[in-house]
Amino acid sequence: MKFNRRQLLNLALELAVPAALITAYAVWAAPRNDIYFPPLQVILSAFVEDWLGAKVTADIWPSLRRLLLGFFIASILAIAIGLVLGTSRRARIATAPLVDFFRSLPPPALLPLTLLVLGVDDTAKVALIGLVCFFPVLLNTMAGVGGIDPLLRETARMYGIPLRDRILHVLIPGAMPSIFAGLRTSLSLAVIMMVISEFVAATNGVGYSIWRARRSFDIADMWAGIILLGILGILLNTILLLVEARLLAWHRGSRAAASRN
Amino acid sequence: MMTSTSQTQVRTRSRWPAMGDMLLPFAGVAIFVVAFEAVVRLGVLPQRFFPPPSVMVWALSNLITQPEFHWALWNTLSSWAAALLLAAVFALPIGFAMGASPLVYSALRLTTEFLRPIPSVALIPAAILLIGANVEAKIYLAAFSAFWPILIQTVYGMRDIDPTALETARSFRIGRGDIWTRIMLPSASPYIGTGLRIASAVALIIVVTMEIVVGIPGIGLMIINARQGANVPNVYALILASGLLGWALNTMFAVIEARLLHWHPSYRSVTP
Amino acid sequence: MLRVEGLGKSYNDFVAIGDITAEFAAGKFTCIVGPSGCGKTTLLKCLSGLLAPSKGRVLLNGKPITEPPESMALVFQDYSRSLYPWMTVRENVAFPLRKKRLAASDRDERIEEALASVGLADAMDKYPWQLSGGMQQRTAIARAIAYKPEILLMDEPFASVDAQTRSDLEDLMLRLRARYNMTIVFVTHDIDESVYLGDHIVVLGSRPTTVKETLNVPLAHPRDQITTKSEPQFLELRSHVYTQIMRTNTAQTA
């Protein structure tokens, strides 16, 4: 790869600001001895000590398990139901107000409910995460199926494509760009729900660990946990974007081709 | 010829389902409510945890007359509005600067790309610690979350301005100020509208989260209290209320956008 | 043999097709030509079984058509919308063959032959949106040919390509016709095209649509863009069809 001068300058600029911010914090925090803002080295060593050791299996894994279980179960259900509802224009219209309502509902409001009905164990958290992930994916799947060019569906009908192939090779790929928009929303909501359900009612997990650190005034541990959540958020988001880029290469290409014309 | 083709479209579209289509959403809601009611009444779901919809609506109708509910609603709404305003005050200028200047864009791009996916709820413990378990913490954190969608959309909008429109303006020697108010802002406004709408939803989520997790006055705290008092119908009624609130705010933004942006292609067919 | 009997299609009180009776001889190339807005596409959709007629019926070998029949393929006008953008050219052509459960070698041979016959052997692994409009329409034609239909329906297939590509594609159709023994029903509003391609022409009037005339095209094969189109017989037929269509237009405005 070769960069020209301009690109190098841009890259330098892009890296300069975060580097400056981190340095500024280090310089500012080191001599202050503020208990709320411990020196950078202290936070970093807390991070290494906490999150690269035993807590990987004790806390990170339980958190990720809840998040991924809820996210995947809900997404698969939502895509399946969305494909069915999406094919019928009337089903779309009839379910619109309900879907709209559940989509507008601030997800954390459901937290007390799942605590009430399902208690404080993992099932409750997985159910909560799943419930919250379900609607964005459902809505986007329905919109995606509804948005497939009618000519593509007529072509499939004309050639007598069997239902299985129609679902696998026409409806799912056609709705995929829209489905991914829903998955992205869901994933960020899933992280939010995982964290707050662990704040409120958990005995392990990243959220629980941060909450306990705050309670016991282990400020460096709290910041280290927050940094870890940031990294997890970015990592999950990036993985989803990479999967999307791979699966939807055709979509970017065809969009670019359409805008050229 | 022209008239006859347009007639074709009008007539084919207004086949009999026109009236039926209008009733479908009501039918959908009615079926859902009746089915839910039946499932609970028949004992498929335990009534202890799942009150029938009629009981929920009854509880809600009682709630909306209580001053306690008005106070909670006011708390939630005012925090939401303050957070959204605060977010817009910071996000719009930075977004304009990033959109208009490649230098500023390069300088801030990576930082925003990294900060944006950080779940803002992760900052709740820090916010409580630094600001306290109070209304300010709720507003600041919600503003922090609402900041990102407005910023990102503003930058998208500014960078998506049709260069032909700018060149046309320059060729007519239109001044910088007029270019901003007549071309750049109107072109970016649909994106900014989208950003504000997303930000509104995000701000509401964080406000309610803070109320629930930290126990700050508002709808969220009322839900927690209802749960602790084992008042199950009220828990549901309040969740219903917060859903309706979210829906009302969403709809309000959609209507305002459609009104203000009626000239924009993506809004031309929207009927509010 | 494909036959329509007293076919009519209306939406509420709006009559798209009045009454059409026509026959499409097996192994022949029949062009349906008519003024724009006369319901040609509606007729084709009824022929294909995609749309149910309001009255009358469509018969294939004596049996009424209610669903798209196994032995039929349809090429739409809008090539950019009828190809699956997430499939390569090869996958697009292969897609309708899945249910035929052919042996892999057999299937590949069919696909390659179809693509070669439309001149796309080199573009097999490209996506449709990487191709020009003419090449996209060739892909749609190859998809239909690989399917080996007894009847090929084409709905103004060349209406959205440029003039040069259009005459290339017309010649391609003549070659394909000579090579595969298919019944072709070809809808167009281009009178030259209908005379140049057809063995028979069905001239439709304006709405409510009826058949104005059915005529034979006695022009010899092989046909050629320059010599055929300058033959006196060609010119005569062309002006005949033109007069028929103009007459329906003036009748409508009067």
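The values are calculated or read from the model by the stated rules, or taken from the named source; none is laboratory data. Keep in mind that this is a model prediction, so the values were computed, not measured. For neighbour counting, all protein chains shown are included, and Cβ atoms are generated from backbone atoms with ideal geometry for every residue, glycine included.
Observations on the model:
- Reported count of residues in segment B:136-169, each being surrounded by 12 or more Cβ atoms within 10 Å (Cβ to Cβ) and farther than 26 Å from A:P38 by Cα, is 20.
- Scan of segment C:87-110 for residues that are farther than 19 Å from C:L153 by Cα and surrounded by 23 or more Cβ atoms within 10 Å (Cβ to Cβ), ordered by number: C:V89
- Enumeration of residues in segment C:170-191 that are buried (at least 18 other Cβ atoms within 10 Å of the Cβ) and under 15 Å from C:R223 (Cα atoms): C:E170, C:L172, C:M173, C:L174, C:L176, C:R177
- Scanning segment C:115-129 for residues that are within 25 Å of the chain's Cα centre (by Cα) and within 14 Å of another protein chain (Cβ to nearest Cβ) returns C:Y127, C:P128, C:W129.
- The residue that is farthest from the other protein chains (Cβ to nearest Cβ), counting only those in segment B:205-240 that are of a type outside the set (V, I, T) and in contact with a Gly (Cβ under 6 Å, 6 or more places away or on another chain), is B:L221.
- Of the residues making up segment A:209-238, those that are away from chain B (no Cβ under 11 Å) and assigned to a helix (DSSP H, G or I) are A:A220, A:A224.
- Residue within segment A:87-102 that is assigned to a helix (DSSP H, G or I), away from chain B (no Cβ under 11 Å), closer than 17 Å to A:L68 by Cα and not acidic (D, E) present: no
- Scanning segment C:146-187 for residues that are β-branched (V, I, T) and modelled with pLDDT under 90 turns up C:V161, C:T165.
- Screening segment A:110-135 for residues that are modelled with pLDDT of 90 or more and not hydrophobic (A, V, I, L, M, F, W, C) and picking the one that is surrounded by the fewest Cβ atoms within 10 Å (Cβ to Cβ) gives A:G130.
- The set of residues from segment B:31-69 being outside any helix (DSSP H, G or I), more than 14 Å from chain A (Cβ to nearest Cβ) and of a type outside the set (V, I, T) comprises B:L42, B:G43, B:P52, B:Q66.
- Subset of segment B:184-204 [within 10 Å of chain A (Cβ to nearest Cβ) and either closer than 30 Å to B:T164 by Cβ or surrounded by fewer than 23 Cβ atoms within 10 Å (Cβ to Cβ) (or both)]: B:I198, B:A201
- The single condition from (1) among the hydroxyl-bearing types (S, T, Y); (2) within 30 Å of C:A94 (Cβ to Cβ); (3) away from chain C (no Cβ under 14 Å) that A:S197 fails is (2).
- When B:A27, B:A72 are checked against the criterion of being in contact with a helix residue (DSSP H, G or I) (Cβ under 9 Å, 6 or more places away or on another chain), modelled with pLDDT of 90 or more, surrounded by 13 or more Cβ atoms within 10 Å (Cβ to Cβ) and part of a helix (DSSP H, G or I), B:A72 stands alone in meeting it.
- If you go through segment A:242-259 and keep only what is within 10 Å of another protein chain (Cβ to nearest Cβ) and closer than 10 Å to A:F180 by Cβ, you end up with A:L247, A:L248, A:H251.
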